[in-house]
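Only one structure is covered here, and it is reproduced in the block below.
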């Protein structure tokens, strides 16, 4: 089982790390499947729009919903996330060199989200790199049993991916 996860400290850092690694791997000719998250800051209200790019070539899907300037609740749009999940699962059936999932978070911890895609990749012997939120680390480890934690460094993640896909 070739499964790794990464937790980069700081808001949005795991997203930036995985997007950069996905770009580098695509330029090397690897067939990628999964999602990377691209956030757009909304400085006027200190919020961001969350989009995921379906690998390898889109589309981009907005997975956040605007709840207003003073909203405190979760802004994730679960229906949009499930659209991204469904498209990822369909693409995974065609095969890939590597699965990248931007985040194992609350949805996955509750048994939804990208759990099935991760399981399918592992069943097909497709290596996977998963971004994990600190709050969901225990749920992730309970789900997968074991996985290699990677340093939140571009070169470290890239090297693991290249070795896993050889």
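Here is how the numbers come out for the structure above:
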read-out	value
Inter-site label distance for residue 77 and residue 142 at 7 Å from Cα along Cβ, in nm	3.0
Cα-based Kirkwood hydrodynamic radius, the chain, one decimal, Å	15.9
Fraction of alpha-carbon pairs over 16 Å apart in the stretch 120-159 - percent	43
GNM result for the chain, Cα springs below 10 Å: residue of 117, 84, 94 fluctuating most strongly	94
Full-extension gain in nm, residue 153 to residue 26, via 0.36 nm per residue minus C-alpha separation	43.9 nm
For the chain: relative contact order, % (alpha-carbon pairs under 8 angstrom, 6 or more apart)	32
Tilt relative to the chain, helix 13-27 - C-alpha long axis, 0 to 90 degrees, to 10	40
C-alpha long axis of helix 154-164 to longest principal axis of the chain, angle in °	40
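Rule-based calculations on the coordinates, nothing more; no lab input. Keep in mind it's a predicted model, so treat the numbers as computed, not measured. No Cβ is skipped: glycine too gets one built from the backbone with ideal geometry, and neighbour counts run over all protein chains shown.
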